[in-house]
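The values are calculated or read from the model by the stated rules, or taken from the named source; none is laboratory data. All of these numbers come straight from a predicted model, not from anything done at the bench. Using ideal geometry, Cβ is built from the backbone for each residue, glycine included, and neighbour counts are taken over all protein chains shown.
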Amino acid sequence: MRRPYLLKTLAFLEVLATVLGACGPAAATKITVGLNAELTGGIPVVGESCKNAAELAAKEVNDAGGLDVGGTKYTIELMIEDNEDKAESAAAAAQKLVSAGVVAMIGPNASRNAIPAAEVAESSKMPMISPWSTNVKTTIDAQTGQPKKYVFRAAFIDDFQGVVAAKFAMDQLGTQKPAVLYDVASEYNKGIAEVYKRTLEENGRPVVAFETYTTGDKDFSSQLTKIVARGADSLFLPNYYTEVPMQVQQAHKLGFTGPAVGSDSWGNLELITLCGADCEGLYFTTHYAADIATPKAQAFIKAYEAAYGKTPDDVAALTYDSFGLLFQALKAAGKVDREAVREALASITLYEGVTGNMEFRGTGDPIKSAVVIQIKNGKFTYFATANP
Amino acid sequence: MQFFVQQVLNALQVGSVYALIALGYTMVYGILTMINFAHGDIFMVSTYLAFFVATLLLGLAVPLHPAIIFLATILAAMFGTALLAVTIERLAYKPLRTAPRISAVITALGVGLFLENFMVAFKPVGPEPRFVPPLFPLVNFTIGGVAVSTIQLVIIVASALVMFLLDVIVRRTMVGMAMRAISWDKFVVPLMGVPVDRIISMTFALGASIAAIGGTLYGMAYTIDPYMGIRIGWWAFISAVVGGIGNIRGAMIGGFILGFVEIFTPVVLPASTYRDFVAFSLLLVLLIFRPSGILGRPSVQKV
């Protein structure tokens with residue numbers, strides 16, 4: 001009985017909207033982007049950085065007059081959902097964003113939330129970009145082992161650091177006799193160490209020593225004596241900042257004088273407190289450096305500091321890049337359509353981001369450069385950008 | 001050759017620490033036939049005592065002579081740790097002296113857990129690893145191609161000295177004689193006028209102070225954290241059993257054997273991961289073929 005009436009109302013509203021849209025410059029031409037962030041729960045700092053960077057990215061585009069998609073200027077609107085740092089809430093938030101019709105979802109950040117949300121995004125055919133998730137399973141279908149079609153990320157995966165570190169050791173340090181000491185009981189350390197070894201072997205520079213220990217060990221003298229005896233000229237330590245200081249000190253005690261390289265697990269200032277002068281001059285790979293020199297990064301850091309009064313962390317930088325990727329894909333797609341945006345994202349050949357240049361080759365994992373940080377005068381200092 | 005000598009030196013350093021802690025296990029077992037599983041954690045507390053005393057003394061407005069700071073730190077750590085061990089014995093173990101032995105062992109495990117978690121929750125300690133500030137110059141040098149460090153030499157020499165002194169105390173003094181007597185017969189010795197409670201307390205204090213000497217030096221070479229006592233405690237316990245639990249010289253030998261197992265496992269076998277496998281296999285084999293350990297006397301069932 002009421003349907004014709006409803007239809008009439010809808011038709012009227014539609015006409016009204018069209019009329020208003022034609023008159024007002026930006027009234028109906030907006031793009032809604034979903035944000036699925038850890039605003040409450042165990043890691044609220046991550047959620048806050050993510051939200052701050054998202055709002056900054058949207059504001060910058062809007063202040064510049066909107067995003068040009070297929071000849072029309074669109075303003076960016078955010079739909080922010082809290083996933084409470086829980087897997088089920090992350091999936092529910094993703095579902096809500098799907099129903100709300102957002103063009104794409106940025107987030108969640110932690111892998112434990114990103115993996116269930118990615119399932120929803122994939123089955124609903126909604127593009128998703130996780131800024132911070134580094135677990136392989138986020139972009140890979142666990143059942144088939146195939147890459148998910150709609151799920152992307154802005155961070156590199158854990159193992160990738162092994163490739164970057166190996167290239168850095170070869171090209172910049174010129175290592176001829178590389179050695180590795182890693183915690184065999186931890187998936188993260190083991191994964192990176194194995195990729196590092198494989199990359200060096202493929203480039204004709206096999207490691208002279210590939211030594212292991214188990215979490216909680218404090219004496220590495222036996223393994224390090226072996227490493228020194230084999231004449232190693234560089235040492236790779238993809239281990240946590242709590243253990244690295246002892247490893248470096250014991251290596252020095254046993255007469256090792258070469259450089260040591262680590263992974264993003266070094267990125268805590270506690271490392272310098274424990275290690276003191278022994279870690280001076282060492283390197284590690286990570287996502288982003290707060291003193292990075294590229295103009296794009298500097299501009300972002302300045303804008304972020306002006307808006308929120310603090311230095312952006314890696315989550316903020318990666319969230320900002322996730323939006324950058326999405327904006328570039330929207331422009332390339334030329335229309336506000338999930339399928340078109342997915343196609344455009346998957347075929348990005350160059351995106352110049354705050355955390356480095358990115359490229360997608362058929363999967364949701366970016367080929368991107370990592371930042372190499374050197375410990376200098378007791379500070380983490382930007383040293384180089386290592387390309388894959 | 002240099003490689004071998006280097007590894008022997010590494011093993012002596014690790015073995016010295018195990019031996020010092022193993023002494024605490026073996027002395028308490030000798031006198032009470034009880035395994036004080038909290039001993040590894042008592043060792044952990046000693047490293048923190050050294051950390052706080054050293055930080056305090058080094059931060060004084062009037063700088064003290066480095067030798068005074070070094071001695072004061074070790075003595076304070078020894079005293080504090082001894083006090084802790086005696087308190088634990090009085091509060092947790094003494095009421096259970098006539099209870100089945102398993103009760104005391106479980107209590108000891110509980111005391112260990114308490115110490116670990118208390119230190120994590122205790123604000124000035126917390127879970128972060130630290131180093132005890134260096135109390136003498138930490139210098140690395142090489143002799144004939146073998147790398148040596150001052151801390152390594154101090155650990156090895158100090159441990160040897162402590163073990164020698166302990167041997168003298170146990171074999172040549174009245175207290176030592178009383179200890180040996182109680183370990184021989186707990187029921188007749190009190191009748192001879194030996195104050196059993198006081199001797200037991202002294203045994204705990206002695207074992208804890210020895211651990212504190214090791215702990216102070218250990219904390220300068222390795223990071224300390226509230227859970228460090230677990231692994232090192234297990235290895236020291238195996239040292240004590242391998243050497244013959246209850247036998248002081250056996251604990252020293254056992255400590256060095258375990259030090260060699262730790263260092264030479266990754267040399268001989270493909271990975272360091274086999275360490276615990278080798279150590280516990282050694283324990284198993286020994287328990288099968290020589291249950292009383294290398295120097296332990298076979299137990300005779302008294303009727």
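Structure notes:
- Residues in segment A:137-162 that are of a type outside the set (Lys, Arg) and over 19 Å from A:ASP314 (Cβ atoms): A:ILE140, A:ASP141, A:ALA142, A:GLN143, A:THR144, A:GLY145, A:GLN146, A:PRO147, A:TYR150, A:VAL151.
- Inter-residue pairs, beta-carbon under 7 Å, first under 22 Å from B:GLY219 (Cα atoms) and in segment A:269-291, second modelled with pLDDT of 90 or more and polar (S, T, N, Q), 6+ apart: A:LEU274/B:THR223; A:ASP278/A:GLN249
- Enumeration of residues in segment A:131-162 that are outside any loop (DSSP other than H, G, I, E, B) and in contact with a Leu (Cβ under 9 Å, 6 or more places away or on another chain): A:PHE152, A:ARG153
- Selected residue [within 11 Å of another protein chain (Cβ to nearest Cβ) and surrounded by 24 or more Cβ atoms within 10 Å (Cβ to Cβ)] from B:ALA212, B:ALA221: B:ALA221
- Residue match in segment A:335-358 (condition: in contact with a Pro (Cβ under 7 Å, 6 or more places away or on another chain) and not in a helix (DSSP H, G or I)): yes
- Any hit, segment A:221-240, residues being touching a residue at least 12 places away in the same chain (Cβ under 8 Å), in a loop (DSSP other than H, G, I, E, B), within 29 Å of B:VAL139 (Cβ to Cβ) and away from chain B (no Cβ under 13 Å): yes
- Residue count for segment B:162-174, restricted to those that are surrounded by 11 or more Cβ atoms within 10 Å (Cβ to Cβ) and farther than 20 Å from B:ALA22 by Cα: 1
- One residue from B:ALA61, B:ALA108, B:ALA92 being aliphatic (A, V, I, L, M) and outside any helix (DSSP H, G or I): B:ALA61
- Any hit, segment A:174-183, residues being part of a loop (DSSP other than H, G, I, E, B), buried (at least 17 other Cβ atoms within 10 Å of the Cβ) and either on the phi > 0 side of the Ramachandran plot or within 13 Å of another protein chain (Cβ to nearest Cβ) (or both): no
- Flag for B:TYR25 being within 14 Å of chain A (Cβ to nearest Cβ), buried (at least 24 other Cβ atoms within 10 Å of the Cβ), over 21 Å from B:LEU138 (Cβ atoms) and not acidic (Asp, Glu): no
- Contact annotation: residue pairs with Cβ atoms under 6 Å, 6 or more positions apart or on different chains, pairing a residue in segment A:242-253 that is farther than 12 Å from B:ALA221 by Cβ with a partner that is among the acidic types (Asp, Glu) and not in a loop (DSSP other than H, G, I, E, B), are A:VAL248/A:ASP278; A:HIS252/A:ASP278.
- Matching option when the condition is under 30 Å from A:SER221 (Cα atoms) and among the small types (Gly, Ala, Ser), among A:ALA277, A:ALA346, A:ALA290, A:ALA303: A:ALA277
- Taken over segment B:127-150, the residue count meeting the criterion of being within 29 Å of A:LEU269 (Cβ to Cβ), touching a residue at least 24 places away in the same chain (Cβ under 8 Å), surrounded by 12 or more Cβ atoms within 10 Å (Cβ to Cβ) and more than 8 Å from every other protein chain (Cβ to nearest Cβ) is 6.
- For segment A:193-211, the count of residues that are among the small types (Gly, Ala, Ser) and within 11 Å of chain B (Cβ to nearest Cβ) is nonzero.
- Residues that are under 17 Å from the mean Cα position of the chain (by Cα) and not in a loop (DSSP other than H, G, I, E, B) were ranked within segment A:297-317; the one that is surrounded by the most Cβ atoms within 10 Å (Cβ to Cβ) is A:ALA317.
- Residues that are in contact with a helix residue (DSSP H, G or I) (Cβ under 7 Å, 6 or more places away or on another chain) and either of a type in the set (A, V, I, L, M) or not in a loop (DSSP other than H, G, I, E, B) (or both), drawn from segment B:120-143: B:VAL125, B:ARG130, B:VAL132, B:LEU135, B:LEU138, B:VAL139, B:ASN140
- Test: residue in segment A:34-42 that is over 26 Å from A:PHE156 (Cβ atoms) and at pLDDT below 90: yes
- Applying a threshold of 7 Å to beta carbon distances and a minimum spacing of six or more residues, or different chains, the list of pairs starting in segment A:102-127 at a residue that is over 21 Å from A:VAL315 (Cβ atoms) and ending at one that is in a loop (DSSP other than H, G, I, E, B) reads A:VAL103/A:VAL336; A:GLU122/A:LYS148; A:GLU122/A:LYS149; A:GLU122/A:TYR150; A:LYS125/A:TYR150; A:MET126/A:TYR150.
- Residues that are touching an Asp or Glu at 6+ places or on another chain (Cβ under 6 Å) and among the aliphatic types (A, V, I, L, M) within segment A:236-291 comprise just one, A:VAL248.
- Elements of type helices (runs of 4 or more DSSP H) in segment B:175-286, at least 1 residues being touching a Pro at 6+ places or on another chain (Cβ under 6 Å): B:196-221
- Residues within segment B:258-282 that are in contact with a Ser or Thr (Cβ under 7 Å, 6 or more places away or on another chain) and more than 11 Å from every other protein chain (Cβ to nearest Cβ), tallied: 2
- Taken over segment A:80-126, the criterion of being crowded, with 24+ Cβ neighbours inside 10 Å, of a type in the set (A, V, I, L, M) and not in a loop (DSSP other than H, G, I, E, B) is satisfied by A:ALA90, A:ALA93, A:ALA94, A:LEU97, A:ALA104, A:MET105, A:ILE106, A:ALA114, A:ALA117, A:ALA118, A:ALA121.
- Cross-chain or 6+ apart pairs with Cβ under 7 Å, segment A:45-69 first and of a type in the set (Lys, Arg), then surrounded by 16 or more Cβ atoms within 10 Å (Cβ to Cβ): A:LYS51/A:LEU35; A:LYS51/A:ALA37; A:LYS51/A:LEU39; A:LYS51/A:ILE80
- Answer from B:ILE74, B:ILE35 - the residue that is in a helix (DSSP H, G or I) and either touching a helix residue (DSSP H, G or I) at 6+ places or on another chain (Cβ under 9 Å) or of a type in the set (A, V, I, L, M) (or both): B:ILE74
- Test: A:ILE375 is of a type in the set (A, V, I, L, M), assigned by TED's automatic domain parsing to the domain that holds A:THR134 and at negative phi: no
- Hits in segment B:220-260 - residues which are over 21 Å from A:LYS218 (Cα atoms) and among the basic types (Lys, Arg): B:ARG249
- Against the list (1) buried (at least 24 other Cβ atoms within 10 Å of the Cβ); (2) within 14 Å of chain A (Cβ to nearest Cβ), the condition B:SER239 fails is (2).
- Which numbered condition A:GLY258 fails, given (1) within 14 Å of chain B (Cβ to nearest Cβ); (2) assigned to a loop (DSSP other than H, G, I, E, B); (3) more than 18 Å from the chain's Cα centre (by Cα); (4) surrounded by fewer than 20 Cβ atoms within 10 Å (Cβ to Cβ): (1)
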